[in-house]
Structures are given as C-alpha cells and as structure tokens.
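Everything on this sheet refers to the single structure shown next.
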Amino acid sequence: MNEQWVEIRKSGDFVKLGKELNVSPVVARIIRNRGISDIEEMRRFIGGEDEALHDCGLLYGMNILVKVVSDKIKEGKKIRIIGDYDVDGICATYILYKGLKFLGADCDYTIPHRVEDGYGINIKLIDEAKADGVDTIITCDNGIAAREQTEHANELGLTMVITDHHEVPFEMIGGEKRFLLPDADAVVDPKLPGDDYPFKGICGAFVAFKVIGALAGGLGVQDADFKELMTEFTEFAALATVCDVMELTDENRTLVKRGLKLMRKSSNLGLKALIDINEINDRVLTPYHLGFIIGPCLNATGRLDTSLKAVELFCEKDAGKAAEMACYLKTLNESRKQMTIEFSKKAIDMVLSEEKPDKVIVLYLPECHESLAGIIAGRVREHFVRPTFVLTKTEHGLKGSGRSIDAYDMFEGLTGVSEELTKFGGHKLAAGISLNEDRLESFRKKINDNAKLTDDDFKDTLRIDMELPFAYAGLSLAHELELLEPFGTGNEPPVFARLNVTFLNGRIMGKNANIAKYKVSDGDGRVYELVYFGDFKELEEYVSGIYGEEKGKLLHSGLSVNVKLDICYKLSVNTYMGNESAQLLMKAYR
C-alpha cells in the first residue's frame, strides 16, 4: 500500500468536550479533528439538519436577478432555461423550470447535447431561442465563461441571466488576475469577485434553489404550496451536491442531511422510480446511494443519449411511465459501465507501458466515446495518483476531460497553457478541454513543464483520527458515529488505526468472492472479526514479502496463519436478520 499515514493531531480537552456535547471523548475528538473548535459550531455539526441555510439574498447580483426575472414573469415574456448534461445541470434545470412555472412564468428548457453541442450555452442554442420567440435566457450550472455567447445574445436583443457556480475565467496581466465576466443582464455565482456569500462551495442546483427562493420572496409568494415545492427541491439540490462532489461542510451538510431523509418518501414520481428500480427503497439512504447508484443513471442519459430524458423523468406525473423511464435510464447506465471497464483498462495499460508516468498524464483514446473521458480520467487518476486528461477524437478536433489531485489546481494549470487549447473550463479538481490534434504533443509537454509537483504529491494521504483498540470499537460507538453523518467529500468517515494486529486466520466469502473475513486480535486476549473488500491477491503478496510465501498462501485458507500487520479501519453498524453488531472494516495495512 502506497499511502502516507498521517494522524490528525488537534488539541483539546476531549473528556470535557464530550460532556458538554453529550458524546464520548472519541466522538468529541473526531469533531475537533474536522477543524471545528467553537462549541456552538460543534453543536450545529451534530444537529446538522436543524440548521438554517444562508440567506439567498446574500449572493452578489441576486437582487438584480430578482428584479429582471420578476419583471419578465409579470410581463408574460417567454423564458428559456439552458442547463447542463450532468446530474448538477439536470437537477438545476428541473428546479428552475418547475419553480418558474409555479411562480407564473411562461418558460421551457433545453440542455445541450454532450456530443453535438458540447458543454454550456452556445451560439446555435441562442439562435434557436431567438427563432422560437424567447425573450430571456436563464442558464444554470453554466454560463460564467460564456462571454462571446452573451455578446451574441445581446446583439439579438435577448435578455441574458446567468446562474452558475464554476470558477470565473481570468487572464494574468502584470502578475494580477483580470476576471473575464460575461456582459449579462444579471449574473449570480458564489465565485464572483466581490461576492461575500458566506460559503462558496455550493453546486449549480443549490444556486438554482436559492434563485427560486429569492424570486418567490420578491414576488410575495410564501404559501404552503410553495413551501412544499421547496421541500421537494431540497431533495434535488442535495442529490446534485453529492453527485457534483461538493464538500459536505457548512450549509451543504445541512442540505444533504435533510435531502437524504426526505428522499426515502419522495413525492417526485421520477426520483421515486429511480430509487425503486435500483432496489434501495428499503434502506437508509446515504451519499453513496446518490453518488454511485442514482447519479450514474442520470449521467448515463447525457453520455449515451440526451439529458432531456432525465428532466422529463422528474416532470412525469404518471407512475407507470416514470417506472418505464427509470428502467431505461438504468439500462443505459449498464451499457456505460461495460464501456468504462474496457477503456479504463486500456488507459491504465497505456500508462503502465511507459517507463515512468508524466507528472500530468495526458492520454489519447481516439475510439473512446467522448462522454466517458471524465470517468476514465478519474480511474487513471485513482490508480496512479496523478492529474489525468483523457482525450478522444471528434469531428472538430480533440475533446476530453481531466481529473486532478489535491496538490494540483487543474483550472490554473490549463490557464497557463490556454494558447494550446480552443476551449477549456472547470475548477481545481476537474476540467473539460478542446484542442486541435496537431497541438496534442505541445499541450502534453507544456502542461507538464509548468506543473510544480514532487514525488510526495503522488502519494495518497490517509488521514487517521486516532489509534483505537478494538475493545473500544463496539456497537455503542458505531451508533454514536452516526451523529457525524452524512459522510462524503469534506466530511470523510472516521478512520482509526491499530498497530501490531495479529491475523489468526481468514477466508474469502460472498457469492462473488469479494469479501474477506479475518479473525484478529490486538493483544487484549479477545478475538474480533475484521472485514476487507480490497485486493486479496495484493494482500497475500504483501504478507509473502514479509513472512514468506507459505504465510501468504495460508492467509485466506481458513487455517492458522498468525501474522502481524498495522491496519487502518472504519467502524459501522452491521444489521443482519434484525440483529445489529459492530463491523470493523479494514481500509489499509502495512
């Protein structure tokens, strides 16, 4: 295992803190490890769902947006929403469309086709809007980089309103950033220069949620029906927050905690059908279910068909039709999975064939469906712990996506080589790019020459909350850790370490042979069960390298092996046939 193990060492009187918060000292220390030192903030962290969201009016430009759009609604002007083809864009489009319709707007929506249109609003979509008699375009989850498109809309006499959450493009002049803002009638984006909104890490659908809330306030609509609508929108903003990998801190944590609870009994027939078709309707929903089960079904529409079908699913009022549509989305996702496996293996093999990977990996897979580039880049990044771009061949040159590591700001890296690209956009950890084929090698060279990365940056860091003997990791603590949920980006599940753990014996189990269970001891005379879902062969080879080949072969034989390893583990509640037990899940070893 190549991780660097780092114990988080935040100071505090955890016994005292535990008493004040009515939690154990272990949980008090974990909360402190999350960078929270104020006692009231700690209470809010535990409460989560009960906390108020930040005032939508604090977003810079929101008052202008409310005036512009409210006037258009009152005047009966035709409004078109232009979203994006990922989960965030789909949810943002749905929130704006249904919200505006509720508020009396004459509106419709469209979403760019990933292959035919590419990311974000374009000239063709603007021309189509003009031809259809549209007066006002409202973007969501895109538009902050659409300077030329906004100028074209202005020339046609269209009103342009931009709602986004992405980084504002800039150029460096004299060592200072000059931001390149579109000349729209209203712009709302928490990342705008001069925006004092308390939390910058909200997704496009959460921005849309706040836009509808502000518009309703401006129009004097606050009745019970509207509050019920905003309750439904909470589910969609939460879904988008998780799927767009936003940090589950501040108001995102509150939103997701509420949304997960509401989704179990969702009133939206489309979302309910997706939950049902994936057979997760009888479970306590977690960010995992959103990010790895529901989200991919929605993303598959944008990758292999059109995301309009996902919005149509959420708008569907017939339960039978919603079930059919959800089934179609799941089928699309199964096809996407198979294609992803094939090209991910090819991409990883390409890197392994090189003597040493570049600091920033740039791969060209001409036959790969361009919609899969981002997923595959993510797989390669995970495998090699390096920023990765995957490029595919299109009718208009090369197009691709990048996924980064914490040590590398991908958006700034691309800004430094913008002369090599025809188009780019994104943020620190993910980006989309287009370039001419003859610029591929110069792009690869320049992006690497500019990268200030060291070998230490290419190691995963495993942050450990504390060393914890197994005797303390019981069912009571496992339940107490549920206070810290939902876990995800920015609020990772607690990780504990235990040194010199004796592996007594082990077996590989499960109908797919994907679970290993070990009898272990940490020296207190008791035997515990440890579960592992990792690479069993790699673990056997590691044990063989330390204790000899015979010990490696015995590890999963069920026979006595008696080898010692340091391990990191997670603790959770395991429920089987109505009975609960504490489950120790091995995350890493050395």
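Please treat every number below as a calculation from the coordinates, not as lab data. Just so we're clear, the structure is a prediction, and the values are computed from it rather than from any experiment. All Cβ positions, even for glycine, are placed from backbone atoms using ideal geometry, and neighbour counts span all protein chains on display.
Here is how the numbers come out for the structure above:
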| read-out | value |
| --- | --- |
| Estimated FRET transfer efficiency when R0 is 25 angstrom, pair HIS396-ASN154 (beta carbons, to 0.05) | 0.45 |
| Segment LEU475-SER442, extension gain: residue separation times 0.36 nm, minus the distance between their alpha carbons | 6.2 nm |
| For segment 439-484, average projected area of the Cα convex hull in nm² | 6.6 nm² |
| Sparsely packed chymotrypsin sites (Phe, Trp or Tyr not before Pro) within segment 192-294, loop by DSSP, other Cβ within 10 Å at most 16 | PHE199 |
| Segment 437-590 pair-distance distribution - Cα-Cα, 10 Å bins, rounded % | 9, 32, 29, 15, 10, 4, 0 |
| In nm, spacing of pseudo-spin labels at GLU171 and GLU550 (7 Å Cα→C-beta vector) | 7.2 nm |
| Rg ratio (alpha-carbon, reference 2.2 N^0.38 Å) - segment 264-345 | 1.08 |
| Coil-residue GluC sites (Glu not before Pro) of segment 271-370, DSSP, other Cβ within 10 Å capped at 11 | GLU279, GLU354, GLU355, GLU367 |
| Alpha-carbon gyration tensor eigenvalues x 5, square-rooted, for segment 193-299, Å | 24, 18, 11 |
| Whole-angstrom Cα spans of segment 306-395 along principal axes, big to small | 57, 27, 19 |
| DSSP bridge orientation in the chain - percent antiparallel, rounded to nearest 5 | 65 percent |
| Stokes-Einstein translational diffusion, segment 52-150 - Kirkwood Rh over all Cα pairs, 1.002 mPa s, 20 °C, in µm²/s | 151 µm²/s |
| Between helix 224-243 and the chain: long-axis angle, C-alpha atoms, 0 to 90°, nearest 10 | 60 degrees |
| Dipole magnitude of the chain about its Cα centre (Cβ charges: Lys, Arg +1; Asp, Glu -1), debye to nearest 20 | 1440 debye |
| Reachable lysines from LYS553, criterion Cα separation under 24 angstrom, eight or more residues apart if same chain | LYS511, LYS517, LYS519, LYS537, LYS564, LYS587 |
| Partner lysines for LYS67 [C-alpha distance under 23 Å; skip if fewer than 8 residues away on the same chain] | LYS77, LYS78, LYS98, LYS101, LYS130, LYS191, LYS210, LYS227 |
| Calculated log₁₀ intensity ratio I(q)/I(0) where the Debye formula runs over C-alpha points of the chain, q = 0.07, 0.13 Å⁻¹ | -0.47, -1.53 |
| Computed over segment 56-262, Kirkwood Rh from alpha-carbon pairs, angstrom | 17.0 Å |
| Rel. contact order, % - alpha carbon contacts under 8 angstrom, at least six apart, the chain | 12 percent |
